[in-house]
Amino acid sequence: MIRAVRHLGPNWYAAVMGTAVLGTAGAGLPAPLGGLRGLWAGLWALSLLMLAALLTARALHWRHHGDQARRHLLDVAVAPFYGCLSMALLAVGGGAVTVGRDWIGLPAAVALDAALFTAGTLTGLAAAVAVPYLMVVRHRPSLADAAPAWLLPLVAPMVSAALGPLLVPHLPEGAARRTMLALCLALFGLSLLAVLVTLPAVFARLLTGGPPPLALTPTLFLVLGPLGQSTTAAGNLAAVAPGTVPAPYAEAADVMAVLYGVPVTGFGLLWLTLAAALVVRAVRAGMGFAMTWWAFTFPVGTCVTGATALGHRTGLAVFDALAVALFAMLLAAWAAAAFGTARGLFRGDLLAGPGAAPGAVPAGGRATAGMSPATPVTAPVEAAAPENAPGRTPATV
């Protein structure tokens, strides 16, 4: 067991995120899909078990393979995935109040969510500062290295902003509720502005540098995360504003949830179409399964919850239909990623380490063979499988 976790990177938390959002997004869908509470609660329970297992495995990783953990932090392609820990904690916590309460009861669900929200928010803020700091003083990437994974530590506070409102009705009336709402608004602004200054570099890299390596193509879907999550956050904040803040602020929040959410959803659909087209191109070129496939899940799930929130606020059936269509995509993506991961674990490929694949480069090394000048030099060639991290590991199975 101890040896097996040596190459277990922080990217594995993406599997927890994708499973948790499947349950919570499904519960918010219009009837009859939203009424399948037992199924959605079961998926949440699975995500809770996965989180517990990964926390244990990652603790063993840090305890017995500290050298490898430090290499991950000092690798520009792996360090951003430390934001996934925060989002996994938050996603499971939010799911506890949304659907987990059906199995464990509301008091236990609120207590679990409060604990995971606190831990997730603190780790998210730490990642949002520490990862950019390391990029500035240690990694020193060029604009040609810009990748969608750079958004991961920056979007983590937005997940807190989206799921924090679930706790507001369970807080004492008055200052406690207003403080939580203010905290969520601050987290919303922190994440949104950080994403807005980073996303242009990612888009410019794509336009001027060409498509990413095949195994990294699914990471293009990560851009949907801050778009869908911010739309969800705006809707959730507006939902708890009445009775928490004075009427003019509550009315403004309701209006802004729509005026913000609809345009952002429009851009999200544009990016979804572009990313899907590039994925189809990559599949035709021979893209096989990699842990990067989990990028198809959580970002799309946030778009489902964002469309659901807009449907509630506007009463327009088009947003409900969009939520259902996106959920069908999410369900298919989760099934494919889960099957590929289970098969890879059974065969031993995903935790085999860099020696298992020809052409692998060391973590923190720079692969240049077979790469165009526009390809980020921190990304491996397609055959490489260093450290089994999305953004670094094809790990085709």
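The values are calculated or read from the model by the stated rules, or taken from the named source; none is laboratory data. The shown structure was predicted, so the numbers you read here are calculated from the model rather than taken from an experiment. Note that we place each Cβ from the backbone using ideal geometry, even for glycine, and neighbour counts take in every protein chain shown. Surface areas here come from the heavy atoms of the whole protein model, side chains and all, with no ligands, DNA or RNA. Shrake-Rupley method; radii C 1.70, N 1.55, O 1.52, S 1.80 Å.
Here are some notes:
- Residues being open to solvent by 10 Å² or more (accessible area, probe 1.4 Å) and under 25 Å from Leu326 (Cα atoms) - total across the stretch 41-50: 6
- Selection within the stretch 296-334 - among the aliphatic types (A, V, I, L, M) and open to solvent by 50 Å² or more (accessible area, probe 1.4 Å): Leu316, Ala317, Val318, Ala321, Val324, Ala325, Ala328, Met329, Leu331, Ala332
- Residue within the stretch 51-71 that is under 18 Å from the mean Cα position of the chain (by Cα), open to solvent by less than 50 Å² (accessible area, probe 1.4 Å), more than 25 Å from His170 (Cα to Cα) and among the aliphatic types (A, V, I, L, M) present: yes
- Among all positions in the stretch 77-97, there is at least one residue which is closer than 30 Å to Leu237 by Cα, surrounded by fewer than 23 Cβ atoms within 10 Å (Cβ to Cβ) and either at pLDDT below 95 or of a type outside the set (Ser, Thr, Tyr) (or both).
- Which listed residue is in a helix (DSSP H, G or I), at pLDDT below 95 and of a type in the set (Lys, Arg), from Arg343, Arg366: Arg343
- Matching entry among Thr232, Thr198, Thr208 (being open to solvent by less than 30 Å² (accessible area, probe 1.4 Å), of a type outside the set (A, V, I, L, M, F, W, C) and farther than 30 Å from Val110 by Cβ): Thr198
- Residues that are crowded, with 24+ Cβ neighbours inside 10 Å and in a helix (DSSP H, G or I) within the stretch 276-295 comprise Met291, Thr292, Trp293, Trp294, Ala295, listed in sequence order.
- Test: residue in the stretch 141-153 that is over 22 Å from Ala201 (Cα atoms), open to solvent by less than 40 Å² (accessible area, probe 1.4 Å) and not β-branched (Val, Ile, Thr): no
- Looking at Tyr260, Tyr249, just one residue is aromatic (Phe, Trp, Tyr) and either in contact with a helix residue (DSSP H, G or I) (Cβ under 7 Å, 6 or more places away or on another chain) or closer than 25 Å to Gly344 by Cα (or both), and that residue is Tyr260.
- Checking each residue of the stretch 103-110 against the condition of being open to solvent by 50 Å² or more (accessible area, probe 1.4 Å) and not in a helix (DSSP H, G or I) gives no match.
- Residues that are within 16 Å of the chain's Cα centre (by Cα), under 22 Å from Thr19 (Cβ atoms) and among the hydroxyl-bearing types (Ser, Thr, Tyr) do not occur anywhere in the stretch 179-195.
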